[in-house]
Amino acid sequence: MRRRPESSSTAPDTSAKKSSGTSKTDEEAKLNHGIQIRTARRSGFSWLTLFAVIVYSSWAVYQYQYENLPVPLTAEQAGKRGFSEVAAMKHVKALTELGPHTIGSDAIELALQYVLAELENIKKTAHWEVDVEVDLFHVNVGATRLDSGMFVDRTIIYSDLDHIVLRMLPKYAPEARENAILVSSHIDTVFSTEGAGDCSSCVSVMLELARGISQWAHGFKNAVIFLFNTGEEEGLSGAHSFITQHPWSTTIRMAIDLEAMGIGGKSAIFQAGPHPLAVETFASVAKYPSGNIIFQDIFSSGVINSATDFQVYREVAGLSGLDFVYADHGAVYHTKNDKLKLLKSGSLQHLGENMLAFLLQIATSSHLSKANATVDDIQSSHDTAVYYDILGQYMVIYRQRFANMLHSSVILQSLLIWTTSLLMGGSTAAVSLAFSCLSNILMWIFSISFSVLAAFILPLISSSPLPYLSIPWLVLGLFAAPAFLGALTGQHLGYLVLKRYLSNVYAKRKQLSPAIQADLIKLETERWLFKAGSLQWLVLLVVGTYYNIGSSYLALVWLVPPAFACAKTSIVLSTCILFALSLAVVFSGIIPPFTEETARAVNVVHVVDTTGGFGEKPNSYISLFSFTPGKFTKEVEEIKEGFVCGRHEAIDYVTFSVKYGCLTYDGTKEGWDESNIPTLDVVKDINGDKRITQVKIDTKRSIRWFLAINTEEIEDFTFNVGLEELVAADGKRSIDGWHTIQASGGKNAPTKFELTLFWLQNSTRRSDKMVQSEQRPLLRIRTDLPGVVTPKVETVLEKLPPWYSLFGKSTSPHTLSFLSSLPIDF
């Protein structure tokens, strides 16, 4: 609504004065002479039309940005030097037909044989001027400890791993072998899936890339190394063993990792840098550039509890590069639905064509050695890159140094404007700014509160607190709509407070008529809300610039609050209707929270517990739990295997604890043997100036185990495999008073180890029996027997609803686990 004065020749609106029935003083009449108020009114239909256009436009942008995939090419269409999705899909089919291929399984050996055979064929058909080397690399044993991510402050031990490495370079330019680009992905899967997306699709893309590169490499200045590793799903072991033990690793100057956290879709840059050469090269040549630094910032913040091999290449080897990820349909991640038929057509073509163009460019570059600068040097010089794509067609990229200059310029100008504005406005301006900032604070508080309230309502009307998994767009109605309503509510409350304050200020000014004064107050209130939004943007920009957050370019939140202040009743009503309809859909059960293709991830574990929590003798039970929130009440009624659900005494799986789940003791005495229970035997306990205890660990048949060491009692430790000291006493850190060792390996992995513990000087060790029951144990261990399904577990799995799926991750148990411990007063 806007009022504007007309020219002095315009006659006053006397009829309006008469109808108002108010008398004006001569001074007011003279002041307001020639002013005509015109109100621009828009119908509710106009606002709804605008809202519909915005929604449709957003949908169109989403479809073009994320759903627009290239047409798959056949081998004939791609030619000898191109990339064919049809050819790559044959590899995906062959690998997924093997079923889950975890390390130590027969299936992983078959997968390795398949990849090796395909690489040998590529070697035979390569260009005659291209030197192709294929190496089957075996790793006996190794250990690592990462400084960040989900494996932070955890010791990871691996053994008996096999990887396949392929190197290509010009036959008549042997100097090219001194500088290499690494392209890496993993062959192994978790036990619960055949791994079409994670990561048979990646391996297949690499095989097809290797075939194409073998016809181009004679013109390269740098070598290209393809690493097909195993052990990624068990703690990034494959990447670490290659980087630390393979002789070719010293020649690598750049690392490219291919990953999947869903199945198909566009493969986007998930992480880049720290040196900008890789992402700048990709942006300049990729046919379908896709990536945004927002994802990198979110991942680096730890919000996403996951890790990729790129962390090893960056953190351990100090390499720069790119990390690509498939993230479409993330609900199938590590479940039975990560299967071939759900892999979206065009996904492999998208990644393959982008990667082929990138490798052809970077392999002929003479600047590759520059990308091997240390991570600390690059980050301290602010020479990292800010990048984001526009509709998957163009990629904007600039250096962090330029971003800081740009942001600082805007910050300084904004501060100058704000300072001038506050000085000229005096105390009124300062108070108005304070109230408008209060409006923004209320906006965020109410927005978050309304969303949290919606989250509390959902379990009351739905069988699952996550009813949107099968239809992700329900999130808009269930959470975005209440968040928007909350923002409107908070904004409006602040608006009313500010408006009342300005009314008191303007009441002291007698020169204006009440009608004009009311309009000016309204306009001034909206102006200050807009300014507060601008200040909010300024604060976000200052913080982002200070911490060198690449996604600071998105600090445009200031555009939103003013729009809230002008929101119309029709928009509010439409949002309420959207929220109500979404709740109705959930309550009615028209759309189930889970389907056979979007299954609920669960774990069914036969536990043999010897920790003493349930008695002195081993206790055997079946544990049913899920990392997805929600109860199992209806499901266990259908299964009818004696399950009791609730918050029992927490089950400690060493790497995590289950506080809510279902247990049954019926028929759990079969399928396991006491000879498989791991042992922790103290062989020496020396009490001198420093107490030292030696413990022999025997994991029996298990090649996958987890050991937690109580760091409230133990200062440090060493870990030996045979006569080899694998982990030295080097001052280890802990989380919540525990340091965890995670171990896995192949069929011939060792099962007997020696642990030497160095106690703290002020150890709390006591012999009081009453205290013993309250003390945490000195050691806790869990061993898994991969591939073993007991009769009771098999019965439960057969009775699970089709919309349930076993879930696997590097820290979760398999279907048979043994728990044991060593008390402090052993």
Just to be sure I understand the filter: pairs with C-beta atoms under 8 Å, separated by 6 or more residues or on different chains, first member in segment 127-140 and assigned by the TED database to the domain that holds I164 and open to solvent by less than 50 Å² (accessible area, probe 1.4 Å), second member of a type in the set (G, A, S) and at pLDDT 95 or above. Which pairs pass? H127/S214; V130/S214; V132/A126; V132/S214; V139/S159; V139/S241
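When you look at G630, is it in contact with a strand residue (DSSP E or B) (Cβ under 8 Å, 6 or more places away or on another chain), under 18 Å from F807 (Cβ atoms), in a loop (DSSP other than H, G, I, E, B) and modelled with pLDDT under 90, yes or no?
yes
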Kindly check whether there is at least one residue in segment 101-117 that is over 34 Å from the mean Cα position of the chain (by Cα) and either hydroxyl-bearing (S, T, Y) or at pLDDT below 65 (or both). no
Just to verify a result, which residue in segment 587-604, among those that are among the small types (G, A, S) and in a loop (DSSP other than H, G, I, E, B), is most open to solvent (accessible area, probe 1.4 Å)? G589
Among the residues of segment 240-250, the number that are surrounded by 17 or more Cβ atoms within 10 Å (Cβ to Cβ) and in a helix (DSSP H, G or I) is 6
What is the one condition in (1) surrounded by 21 or more Cβ atoms within 10 Å (Cβ to Cβ); (2) in a loop (DSSP other than H, G, I, E, B) that F358 does not satisfy? (2)
Only one residue in K732, K700 is open to solvent by 10 Å² or more (accessible area, probe 1.4 Å), in contact with a Pro (Cβ under 7 Å, 6 or more places away or on another chain) and outside any strand (DSSP E or B). Which one? K700
Residue tally, condition more than 21 Å from the chain's Cα centre (by Cα) and closer than 30 Å to E233 by Cβ, over segment 168-186: 5
Would you check which residues across segment 214-239 are assigned to a helix (DSSP H, G or I) and under 22 Å from F137 (Cα atoms) and list them? E232, E233, E234, S237, G238, A239
Criterion first (among the aromatic types (F, W, Y) and closer than 20 Å to A429 by Cα) does Y506 satisfy it? yes
Counting only residues in segment 646-665 that are of a type in the set (A, V, I, L, M, F, W, C) and surrounded by fewer than 18 Cβ atoms within 10 Å (Cβ to Cβ), the one farthest from S462 (Cα to Cα) is identified as F656
Take segment 162-181 and flag every residue that is aliphatic (A, V, I, L, M) and closer than 28 Å to I108 by Cα. I164, V165, L166, M168, A180, I181
Matching option when the condition is free of Cβ contacts under 8 Å to residues at least 24 places away in the same chain and either closer than 25 Å to W444 by Cβ or surrounded by fewer than 17 Cβ atoms within 10 Å (Cβ to Cβ) (or both), among L493, L520: L520
If we keep just the residues of segment 345-355 that are in a helix (DSSP H, G or I) and open to solvent by less than 10 Å² (accessible area, probe 1.4 Å), which is nearest to L322 (Cα to Cα)? M355
Test result for V608, modelled with pLDDT of 90 or more, loosely packed, with under 14 Cβ neighbours inside 10 Å, more than 28 Å from the chain's Cα centre (by Cα) and not assigned by the TED database to the domain that holds S464: no
For residues that are over 28 Å from I703 (Cα atoms) and among the basic types (K, R), scanning just segment 145-197, find the one that is most open to solvent (accessible area, probe 1.4 Å). K171
Given the conditions (1) modelled with pLDDT of 85 or more; (2) more than 30 Å from L351 (Cα to Cα); (3) open to solvent by less than 70 Å² (accessible area, probe 1.4 Å), report the number of the one that T39 does not fulfil. (1)
Please give the number of the condition A729 fails out of (1) more than 14 Å from I156 (Cα to Cα); (2) modelled with pLDDT of 95 or more. (2)
May I ask you to say which residue of G642, G688 is assigned to a loop (DSSP other than H, G, I, E, B) and surrounded by fewer than 12 Cβ atoms within 10 Å (Cβ to Cβ)? G688
Are any of the residues in segment 100-116 crowded, with 17+ Cβ neighbours inside 10 Å, among the aliphatic types (A, V, I, L, M) and under 20 Å from M355 (Cα atoms)? yes
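Residues checked against (1) outside the structural domain of D198 (by the TED database); (2) out of contact with any Asp or Glu (no Cβ under 6 Å at 6 or more places or on another chain); (3) assigned to a loop (DSSP other than H, G, I, E, B):
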residue	(1), (2), (3)
I781	yes, yes, no
E798	yes, yes, no
P802	yes, no, yes
S805	yes, yes, no
S810	yes, no, yes
H814	yes, no, yes
S817	yes, no, no
D825	yes, yes, yes
Are there any pairs, at least 6 apart or on different chains, whose C-beta atoms fall under 7 Å, with the first in segment 669-684 and free of Cβ contacts under 8 Å to residues at least 60 places away in the same chain and the second among the charged types (D, E, K, R) and open to solvent by less than 70 Å² (accessible area, probe 1.4 Å), and if so, which? S675/K700
Entirely in segment 260-330, the helices (runs of 4 or more DSSP H) that have 2 or more residues that are modelled with pLDDT of 95 or more and surrounded by 20 or more Cβ atoms within 10 Å (Cβ to Cβ): 277-285, 309-315
So which residues in segment 91-124 are farther than 15 Å from R211 by Cα, without any contact (Cβ under 8 Å) to a residue 12 or more places away in the chain and of a type in the set (A, V, I, L, M), if there are any at all? A107
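The values are calculated or read from the model by the stated rules, or taken from the named source; none is laboratory data. Fair warning: this is a prediction, and the values are worked out from it, not measured in the lab. All Cβ positions, even for glycine, are placed from backbone atoms using ideal geometry, and neighbour counts span all protein chains on display. Please note that ligands, DNA and RNA were not included when accessible areas were found on the heavy atoms of the full protein model with its side chains. Shrake-Rupley method; radii C 1.70, N 1.55, O 1.52, S 1.80 Å.
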